[in-house]
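So the structure is just underneath, and the comments pick up after that.
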Amino acid sequence: MLGYPFRPLLQAVEAKGGEAAVAEAKRRAGVPPDRVYRMSEIYADEECQRLLAAAGEVLGLGVEDTCDLWAEAFLKDTQKRFPAWYEMCADARALLECHPEIHYGFAASLDDPKASKAITDKFRIEKRERELIVHYRSPNRLCFLYRALARRVIAHYGDEASVEEPRCLHRGDDECEFRIRWAS
Ligand code: HEM
């Protein structure tokens, strides 16, 4: 996984538990204490999974609540660093529709075609009237993060939409399927 999402995860840990919590989460995850995640560098997926688990342990939170804090820091960071995406998208549907393309931009910047494909293969979106069906497949199984981000994007634009996940990697399905439905 690219280094970018690791950064808001650690920011969230720091905001809640301070520098000591970050150091402890890194230690528990077996991450070198001086690791600074680079936005466009690839890190092992297992490192992301270990760091998420360690962040939850250190903060005393379950994975869902940890992902919610992560999503809050993640979206804040994207709004600061990449405001053009938010300006271009008039509503939540527009941003959620183009989110795989945002990721493709990062994938395109990589020299390694295998690493690039690992990013582009994760999400596929079907566009229906008043509904998006998002297919997600990833060794990181970050559906809690996806749902928390989608809900926050919907709230950011003041839209009214529900997010459901009828199929889930954690429940033994071969992918997570999110159904995002707008009332009107
Ligand atoms: C400007 C906005 C955004 C930026 C710059 C951004 C950037 C990124 C980057 C660079 C990654 C790492 C990609 C990889 O290595 O596979 C990532 C992962 C991810 N993003 Fe985004 N993203 C944005 C918006 C969103 C939104 C709106 C959602 C969900 C509604 C989302 C959901 C995710 C998830 C779930 C992952 C983890 C994928 C995995 O490894 O399984 N992102 N994002």
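The values are calculated or read from the model by the stated rules, or taken from the named source; none is laboratory data. Every value quoted in this text rests on a predicted model; they were computed, and no experiment measured them. Note that each Cβ is placed from the backbone with ideal geometry, even for glycine, and that neighbours are counted across all protein chains shown. With ligands, DNA and RNA removed, areas are computed over all heavy atoms of the protein, side chains included. Shrake-Rupley method; radii C 1.70, N 1.55, O 1.52, S 1.80 Å.
For Lys114, a cut-off of 20 angstrom between C-alpha atoms picks up these lysines, skipping any fewer than 8 places away in its own chain: Lys122.
Could you give the accessible area per residue of the range 6-72, probe 1.4 Å, as a whole number in Å²? Don't jump to the answer; show the numbers that get you there.
Numbers: 3440 Å² over 67 residues.
In whole numbers, the range 6-72 has 51 Å² accessible per residue.
Between Met39 and Ala84, the simple label model (points 7 Å from Cα in the Cβ direction) yields a spacing of 1.1 nm. Share of carbon and sulfur in the accessible area of the chain stands at 50%, probe radius 1.4 Å.
Expressed in whole Å with the largest first, what are the equivalent ellipsoid semi-axes of the range 64-184 derived from the C-alpha gyration tensor as the square root of 5 times each eigenvalue? Mind dumping the intermediate values first?
Numbers: eigenvalues 85, 72, 44 Å².
Result for the range 64-184: semi-axes of 21, 19, 15 Å.
Of the trypsin sites (Lys or Arg not before Pro) found in the range 1-76, those in coil by DSSP whose Cβ has at most 13 other Cβ atoms within 10 Å are Arg38. Shape class for the range 6-72, computed from the alpha carbon gyration tensor (a ≥ b ≥ c): rounded, with a/c under 1.5.
With a 10 Å radius around each residue's Cβ, average the other Cβ atoms per peptide and rank 1-14, 119-132, 95-108, highest first. Don't jump to the answer; show the numbers that get you there.
On the way: 1-14: 20.9, 119-132: 14.0, 95-108: 15.9.
Highest-to-lowest ranking by the protection proxy: 1-14, 95-108, 119-132.
Given contacts defined as C-alpha pairs under 8 Å and at least six residues apart, what's the relative contact order of the range 1-125, whole-number percent? Contact order relative to length: 26 percent.
Provide the per residue accessible area, probe 1.4 Å, for the range 85-182, rounded to a whole number of square angstrom.
54
Straight-line reach from Lys16: taking Cα to Cα under 25 Å and skipping same-chain neighbours fewer than 8 places apart, the lysines in range are Lys26, Lys76, Lys80. Ordering Pro113, Val163, Ala94 by Cα displacement along the dipole of the range 85-182 toward the positive end leaves Val163 in first place; charges were set at the Cβ atoms of Lys, Arg (+1) and Asp, Glu (-1).
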